[in-house]
Amino acid sequence: MRVLRTQNWFVPIMGSLIGTAWIALLLWEQSPYGRYLEHGRWTELGFAAAICGVLPGGDMLLPGLLYAGGWLLMLATMMLPTTLPLLQRFDCLAATRGDRVELIALLILGYLLVWLGFGVAAHLLDAALHAMVQRSDWLTINAWVLGAVVLLIAGLFQFSRLKYHCLDKCRTPLSFIMQHWHGITPRRDAFLLGTHHGVFCVGCCWAIMLLMFVVSTGNVGWMLVLGGVMGIEKNAAWGRKLSRPLGLALIAWGALIVGGHLKPTKYETILNLETGKAPGFDVPPMLLARADEVIE
């Protein structure tokens, strides 16, 4: 009966947290401040620009804080649903403990901190790439190259051994808990269980999460699509079979972008018939017909 009461408590609470995060992101995206979810130069205008001008180091501090807040909301909407099986099994394990709510909170905290660290690294990489584009005229004109590269990397990663090693860890939550939960120091163990799971989750899904920088980090629709893909990969019985077709689709997408922007270079063909009269050399009629200019 205790386990039943725990399950009745766990599902609506977690559902409410995830649903609230989705609503907050949707409202944020539709509001006048929706641009703050993006990675553009939004601190140069409006209210955010005024704050950046007043605060010491505001041009770095405010974007970092807003980005961290948006990223945590994204994690709550995209990644927490994929880790529900582990949370439910841990909740059952801690059902008889009086501190189970605190332990679950520490587990989630450890998990989110790992993903937050990844998000900060990805944000810094994105900022560095934007700075590189601004210094390069070629990249400014051909910014599509960066998106194509990310798609190709994400697609190729779907075939790597690291992907499947981490995916297998994420798909076996009970054995993962048995491996990392000792209960001797419960608060520390719960936090470390969350960080360990976060590390394997990042190892499994980092390439797919990078796609948010291609399709727009503030697009709630793409969050739903990519979150659904990662949830199926990690939790559905047939989810492991999705990885390779997804990799092929991403590679094909990247190849289409490359193919659509590469245009064949036209070279002018000039034939000198005087040279062509040299002994043993005959100008083929087809080459003569396709020549742009013929010199008699």
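Computed from the coordinates by the stated procedures, all read-outs in this text should not be read as laboratory data. The model shown is predicted, which means the values in this text are computed figures rather than measured ones. Here the Cβ is made from the backbone with ideal geometry for all residues, glycine too, and neighbour counts use every protein chain on show.
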Give me the compactness ratio for region 144-251, meaning the Cα radius of gyration over 2.2 N^0.38 Å.
-> 1.19
Express the Stokes-Einstein translational diffusion coefficient of region 69-221 in µm² s⁻¹, to the nearest whole number, given a Kirkwood radius over alpha-carbon pairs, 25 °C and a viscosity of 0.890 mPa s.
-> 144
Karplus ³J(HN,Hα) for region 141-154 (6.51 cos²θ - 1.76 cosθ + 1.60, θ = phi - 60°; Hz, whole; x = Gly/Pro) runs 6, 10, 4, 4, 4, 5, x, 5, 5, 4, 4, 5, 4, 4
Which length gain, in nm to one decimal place, applies between Ile153 and Asp99 when the Cα-Cα distance is subtracted from 0.36 nm times their residue separation?
-> 15.1 nm
Once you put a point 7 Å from the Cα of Ser160 and another 7 Å from the Cα of Met132, both along the Cβ direction, what distance in nm separates them?
-> 1.7
Simple spin-label model, 7 Å along Cα-to-Cβ: Ile184 to Leu116 in nm?
-> 2.8
